[in-house]
Amino acid sequence: MHVIEADKRKIRSVAILGSGVMGSQLACHYANIGLKVFLLDILPFDLKEGEKEKIQARNRVGNTALKAALKSNPSPVYTKDVARRITVGNMEDNMSWLSKVDWIIEAVVENLGIKNEVFEKAELHRKPGTLVTSNTSGIPITMMLNGRSDDFQAHFCGTHFFNPPRYLPLLEIIPTEKTHPEVVNFLMHYGDLFLGKQTVLCKDTPAFIANRIGVFSIMAIFHLMAEMDMTIEEVDAVTGPVSGRPKSATFRTCDLVGIDTLVKVANGVAQNCPNDEARELFTIPDFLDKMVENKWLGDKTRQGFYKKSRDASGKRVIEALDLQTFEYKPKTKPRFESIGTARQSDVLKKRLKILAKGSDKAARFIQALNLKVFAYASNRIPEIAGQLYQIDEAMKAGFGWELGPFEAWDVLGVSRILETMEAKGEKPADWVVEMVENGVEQFYKTENGARYYYNITTKSYEVLPGSEENIVLDNYRSNKLVWGNKGASLHDIGDGVLCLEFHTKMNAIGSEILLGINKAIDVAEQDGWKGVVIGNDAANFSAGANLAMMLMLAIEQEYDELNIAINYFQKTVMRLRYSSVPVVMAPHGMTLGGGCEMSLHADSTVAAAETYIGLVEFGAGLIPGGGGTKEFVVRTSDGFYEGDPQLPSLQERFTTIATAKVATSGFEAFEIGVLHEDKDEVVLNKKRLISSAKEKVLELDQEGYVMPVKRDDILVLGRTALGTLYAGIEAFGVSNFATEHDQKIARKLAFVMAGGDLSQPTRVSEQYLLDLEREAFLSLLGERKTLERIQHILKTGKPLRN
Amino acid sequence: MKGGEFIIKNQEANDVFIPEELNEEQVMFRSMTLDFIESKIWPNVAKIDKQLENPDMIPDLLNEIGQLGILGAGLPEEYGGMGVNFNTETVLSEELGKSLSFGVAVAAHTGIGTLPILYFGTEEQKEKYLPGLSTGELKASYCLTEPNSGSDALAAKTKAVLDGDEWVLNGQKMWITNAGFADLYIVFAQVDGDKFTGFVVERGTPGLTLGDEEVKLGIKGSSTRQVFFENVRIPKDNLLGEIGKGHRIAFNVLNIGRFKLGAMVMGGCKKAIEIAVQYANERHQFGQPISNFGAIKHKLAEMAIRTYATDSATYRIADLISDKIEELKAAGATKAEAKLKAAEEYNIECAILKVLGSESLDYVVDEAVQIFGGTGYSEEYPVARMYRDSRINRIFEGTNEINRMLAVGQMMKKAMKGELDLMTPAMKIQEELMAIPDFGEDDDADLFFAEKKAIGNAKKAILLAAGAAAQKFMMELENQQEILMNLADMAIDVFTAESAILRTEKMVGLKGEEASKLQILMAQTYLSDALERIHMAGKHAVAGFAEGDELRMMLIGIRRFTKFDPMNTIAARQAIADQIIESNKYPF
Ligand SMILES: Cc1cc2nc3c(=O)[nH]c(=O)nc-3n(C[C@H](O)[C@H](O)[C@H](O)COP(=O)(O)OP(=O)(O)OC[C@H]3O[C@@H](n4cnc5c(N)ncnc54)[C@H](O)[C@@H]3O)c2cc1C
């Protein structure tokens, strides 16, 4: 039997068996990354006589599922045409396709018998060497080996994606004893690099890692809240972002996941883990049973712990379940001093410490919960995971915890927590006690940008896998900054490359960040650095320019100051391109307005697949004023060949801005003209973003980067374009697609994009366009309706149409 | 309005008490006291100051004023006092404030000397001492400060050890007013090393000796000496209050003390203005009275404006304390308890009044000297003495720095305890900053509409700066003294300006706009200047910790919240001065 080495294995096509929610979503995601995907499901049960011959009908199950997936929100595909890579078939007629694929992915129902049948059929067609994985969240993988050939067994492995797989970053990899190490290596690597997932190696134990710990935490919360007599709103207040857990906190998460699923996982652990010291905690509380009975399963049945409804006056209200009376009551907003104090800090580590010192109910609750979760996690090694970091990574990627249990424990002090555990009767694992006795006080340490974890087998620190190739800015914090201010930090990320990190609220771009960019480029130019990466590890790259600041200045009618500020913004953005070092942007998540304008200008943009980027200024009653409008004109002019009509392409770009279009993925950003094939690229795994951007800087430097020549050859159309664009705006107004104010903004935009009221097409400079752009921007800031839009966005986060 | 609440709440003019509303009885007390001062003190000020030659003058005068009942005016009738209400006590303080060194002796006796027994004494102690204190037969002093513990009062080293039935005191006190002739010494000492505790020590107790009279910058007539305790044995029963609770005595007594000091210096301002304007009307240069000159008018007007504002603030709080006393009494508290609790409730305002009054007086006497020119520098004329005597007020009863920190600190403490909701209004301000004002005209039909809006806004400026500072420094804010000073200055100014506006508004209601037109100008001028100061202090404060956009946004906010339409303050001050010049005294 031959198993090829992990780094030699090539994947071009996959077959997915089963087109349920996970199967069809997976099909989309494999297609997202460019693979040919075959999606097979069973024949429909209700196949009518006349249909039996029709392929369409025979593939109905898969087709319907795929269609539903493509329609689901958020979308499983990066761009619409991805779906063309998926071919639907059925498991009666098309099993022979399995002989052509490189990887067979089983995603049929969670039933061992059925799974084994499918494998049996698959083995008939599978060519030796083809990977086979089973996607399951509960069934022991080893039980699927029965009757399989050696080659199959060696190439077989369990995987556990979280739904929806495009968006949830965790991928648990569960090998059996028979799985060949090269196969495991391959999956760990491929999942990370190509599927963009955080891969975590798990043991084949019930619920694997994330669900085991996550559901334990939920069950512990149920018990604690009963003990401390707390409501679900109170628990959610403290188990949300303030303590480093997701916004959906505990009970919204339960509703999202489904109460029945939760019960299933908890029961699974209770039944299959007789030696779990906390087994009792997994006993389903009465209220959960009752909820399942009532079919209050969460979002899928439209009511769970919370319920959306309308009050007497018809207003939408959210109600919360009172676990005492079992009635829904209007959701309350509990207030706790400890939470109030903690919230004042943006830094989770600080918040955790504040909560650890608090003495009100919320603080005591989280303190007690932490002890339980920390102790439980420690006792799960080596049972479910070989090393502690695997648990942390699974929890972060799978449950959206900002810090894993061991990381949080580090923050609160390992030995201090041990003492408290002792006092409160919680029993941590012996290895932790032993570790501290041997003088090791931290589960992790950071040195020179690399992160080390405490290996419980060798009892020493070892480099965290991936920490050397992936750049995590957090690991550089202990190093001396090259430069920094309140809004931005300049890190030395090695090999002569600098990284400018934003850290304002929502990474809004204000004077500190602008100063930071200028400074970063100055330093790089003067001190011989190879180039600059602009990137960060925050949830979003940037929400755009600091609108609050602009609003306040506009209210005070400080137009001179505004003019200076916008001019500075434009100059800074231009610096991104016109400097003697390469500057590479690394956007991810929300990258809006000013953030997008920066990406437009950088020498290269290396974007995460999950990048939502666009020029959204229209929503704020403005036009892109940081060079964004200008850059769209430049790109139109550059894309235009002698003799081509330029107007349609200008119109298209005009519409992109006027509809405030935001790309729903890095790939789509190319389609809307924000990213550019010649200079930009996409990276699947966000964790690799900064290291990839750094590679890009080095590559540009290697190629002998020189500053581009300033442009004065941009062709603008003047009145010809203006007339057409104005007419279009008019039409939109007449058909009520655009409000008065929309039309006003659109006319300003048209004026800039046409290059002004020129009598004939003319070649102009970038500065000419920037001046037009700034003038239009400023004049809009004198409009009350624009100010109202800005205010609305600041207040609600949503655009206002007025 | 609760203590400290002025920072978030706008009081209605009708709810404030103004000095114009003092009743006949109070006016009678005022003139009785003033008569005494004019006839007995002012003719003798030079003699009184020569204390070493005339050591009995002040004690004798105390006996005399005691005969009038003034020393015991505020004490309950059952202890030989007159039980007058708090507003009347305030009137008395105001007038006594015109009596220089003598006023200091009275204040030390009736305030910090007597109140510890009234508030914390046992029934026996009260019966034993209060009747004598009330007539002046017994004279009291208060021994807190030591050579090494002034502002840091609780660090006192004087020790008290229980030995059988007696306490044995050892230690040294310093700067003790009335020490030279006092019959009773309220003494603070540590029991068991760190239990700060109050005691009553009688004159003549063996081991109690006095240092020489201090040679001082001012209030030279007031006796100030060190007091030494060397194995001073006093009966066990002379313990005052509880062991280890001395700080409660010290601080609570100071609340009332500060309020009264504020009232006294305000009276001093009025006296100084009178003396200054009389001189300005008489003194001729360039062929005309110097009061004709704009520069002098400016001074006279500003002296009056500050006095008017301080006066307004003083009676506003006097009445709130007075109401609180009545409320507490109605709820079953004894008179003494009620007074103590009421002053504690308004401890922020008491601290503010102390700072405000003492600094107003320093300004007023300084300008008085200036109006006097060369004669201002001469001992032949009264203003040199007033100038010197004023200065102590910024130092004792807690230095003005300590009082500023106390005012802000208490405010924050109340917010933490949930007694004062600063959070909700602070959040609203954030929202308001992002709100688009309707660029239209204000509905300024009401007199004082603009002023009240400006005051409401100025409070927002304070909350903005204070909120940001609290968020930035959290518990560390108490160590950011410069910022605390700025915040205190802002609070003092807004509180004072508001008091002046409210008083004037009420007066307009009572007497009509025409009769109040100068008061209107005084209140407006004070407010206009105060807003500039608040702006500046706010700017300093936030620039001390914020930077970049955050700073810029806060500065825009502070500026917006301290805006006021420009007014012709020159014309306003001229009109005010003309009235002072015409009446030849402080006429408001
Ligand atoms: C004429 C006179 C009469 C007095 N009568 C009495 C009396 O009858 N009974 C009595 O007990 N005491 C009396 N005192 C003492 C008076 O209360 C103290 O002088 C006063 O409290 C200041 O203490 P100090 O002199 O030790 O100055 P310090 O405490 O040494 O202060 C010096 C300076 O440092 C500042 N300072 C001190 N601490 C701080 C801090 N934490 N933060 C910022 N600044 C600070 C002060 O504001 C001041 O500006 C009298 C004093 C005088 C001069």
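The values are calculated or read from the model by the stated rules, or taken from the named source; none is laboratory data. Everything quoted here is computed from the prediction, not taken from an experiment. Cβ placement follows ideal geometry from the backbone for every residue including glycine, while neighbour counts extend to all protein chains displayed. These area figures cover heavy atoms from the full protein model, side chains too; ligands, DNA and RNA do not enter into them. Shrake-Rupley method; radii C 1.70, N 1.55, O 1.52, S 1.80 Å.
Among the residues here, B:Tyr377 qualifies as open to solvent by 50 Å² or more (accessible area, probe 1.4 Å) and assigned by TED's automatic domain parsing to the domain that holds B:Gln278.
Every residue, every condition in (1) assigned to a helix (DSSP H, G or I); (2) touching a residue at least 12 places away in the same chain (Cβ under 8 Å); (3) open to solvent by less than 40 Å² (accessible area, probe 1.4 Å), yes or no:
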| residue | (1), (2), (3) |
| --- | --- |
| B:Asp489 | yes, yes, no |
| B:Glu498 | yes, yes, yes |
| B:Gly509 | yes, yes, no |
| B:Met536 | yes, no, no |
| B:Asp549 | yes, no, yes |
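Looking across B:Gln410, B:Gln370, one residue alone is part of a helix (DSSP H, G or I) and farther than 21 Å from B:Ser499 by Cα. It is B:Gln370. Report, by residue number, each residue of segment A:497-508 that is more than 14 Å from every other protein chain (Cβ to nearest Cβ) and touching an Asp or Glu at 6+ places or on another chain (Cβ under 9 Å). Once the filter is applied, which keeps residues that are more than 14 Å from every other protein chain (Cβ to nearest Cβ) and touching an Asp or Glu at 6+ places or on another chain (Cβ under 9 Å), segment A:497-508 yields A:Val497, A:Leu498, A:Cys499, A:Glu501.
Yes or no, residue by residue, for (1) within 14 Å of chain A (Cβ to nearest Cβ); (2) in contact with a Lys or Arg (Cβ under 8 Å, 6 or more places away or on another chain):
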| residue | (1), (2) |
| --- | --- |
| B:Ala368 | no, no |
| B:Ile371 | no, yes |
| B:Glu380 | no, no |
| B:Tyr387 | no, no |
| B:Lys417 | yes, no |
| B:Asp421 | yes, no |
| B:Ala426 | yes, no |
| B:Ile436 | yes, yes |
| B:Leu447 | no, no |
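Does B:Phe495 count as in the same structural domain as B:Ala530 (by TED's automatic domain parsing), among the aromatic types (Phe, Trp, Tyr) and over 20 Å from the mean Cα position of the chain (by Cα)? Here the answer is no, as B:Phe495 does not meet what is asked. Only residues that are open to solvent by 30 Å² or more (accessible area, probe 1.4 Å), touching a residue at least 60 places away in the same chain (Cβ under 8 Å) and either touching a Ser or Thr at 6+ places or on another chain (Cβ under 7 Å) or away from the ligand (no atom under 13 Å from the Cβ) (or both) were counted across segment B:217-232, and they come to 3. Considered as a group, the residues in segment A:509-524 that are surrounded by 24 or more Cβ atoms within 10 Å (Cβ to Cβ) and within 13 Å of chain B (Cβ to nearest Cβ) include one that is modelled with the lowest pLDDT, and that residue is A:Gly510.
Yes/no matrix, rows are residues, columns are (1) within 12 Å of the ligand (Cβ to nearest atom); (2) buried (at least 18 other Cβ atoms within 10 Å of the Cβ):
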residue	(1), (2)
B:Glu127	no, no
B:Leu133	no, yes
B:Glu137	no, no
B:Met174	yes, yes
B:Gly180	yes, yes
B:Thr205	no, no
B:Gly211	no, no
B:Ile234	no, yes
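Quick check on segment A:767-782. Is at least one of its residues over 19 Å from A:Glu631 (Cβ atoms), surrounded by fewer than 14 Cβ atoms within 10 Å (Cβ to Cβ) and within 14 Å of another protein chain (Cβ to nearest Cβ)? Yes; the residues of segment A:767-782 include at least one that is over 19 Å from A:Glu631 (Cβ atoms), surrounded by fewer than 14 Cβ atoms within 10 Å (Cβ to Cβ) and within 14 Å of another protein chain (Cβ to nearest Cβ).
Looking at A:Ala738, is it at pLDDT below 95, touching a Phe, Trp or Tyr at 6+ places or on another chain (Cβ under 6 Å) and outside the structural domain of A:Met550 (by TED's automatic domain parsing)? The answer is yes for A:Ala738. Of all residues in segment B:553-582, those satisfying the criterion of being touching a residue at least 60 places away in the same chain (Cβ under 8 Å) and of a type in the set (Asp, Glu) are B:Asp565, B:Asp578.
No other residue among A:Tyr476, A:Tyr461 is at pLDDT 95 or above, more than 14 Å from chain B (Cβ to nearest Cβ) and surrounded by 17 or more Cβ atoms within 10 Å (Cβ to Cβ) apart from A:Tyr461. Evaluating B:Ala189 against the criteria (1) open to solvent by 10 Å² or more (accessible area, probe 1.4 Å); (2) in a strand (DSSP E or B); (3) away from the ligand (no atom under 11 Å from the Cβ) leaves one unmet condition, (1).
B:Ser99: of a type in the set (S, T, N, Q), within 19 Å of B:Met32 (Cα to Cα) and touching a Lys or Arg at 6+ places or on another chain (Cβ under 6 Å), yes or no? Criteria not met by B:Ser99.
Of all residues in segment A:24-80, count the ones that are among the aromatic types (Phe, Trp, Tyr) and over 27 Å from A:Gly589 (Cβ atoms). Summing the residues that are among the aromatic types (Phe, Trp, Tyr) and over 27 Å from A:Gly589 (Cβ atoms) in segment A:24-80 gives 2.
Among the conditions (1) surrounded by fewer than 22 Cβ atoms within 10 Å (Cβ to Cβ); (2) within 14 Å of chain B (Cβ to nearest Cβ); (3) at pLDDT below 95, the only one that A:Gly494 does not satisfy is (2). Can you find a residue in segment B:385-398 that is at pLDDT 95 or above, more than 16 Å from the ligand (Cβ to nearest atom) and buried (at least 19 other Cβ atoms within 10 Å of the Cβ)? Scanning segment B:385-398, I find no residue that is at pLDDT 95 or above, more than 16 Å from the ligand (Cβ to nearest atom) and buried (at least 19 other Cβ atoms within 10 Å of the Cβ), so the answer is no.
Highlighted here are the helices (runs of 4 or more DSSP H) found entirely within segment A:248-360 that include at least 2 residues which are within 14 Å of another protein chain (Cβ to nearest Cβ): A:337-343, A:348-357.
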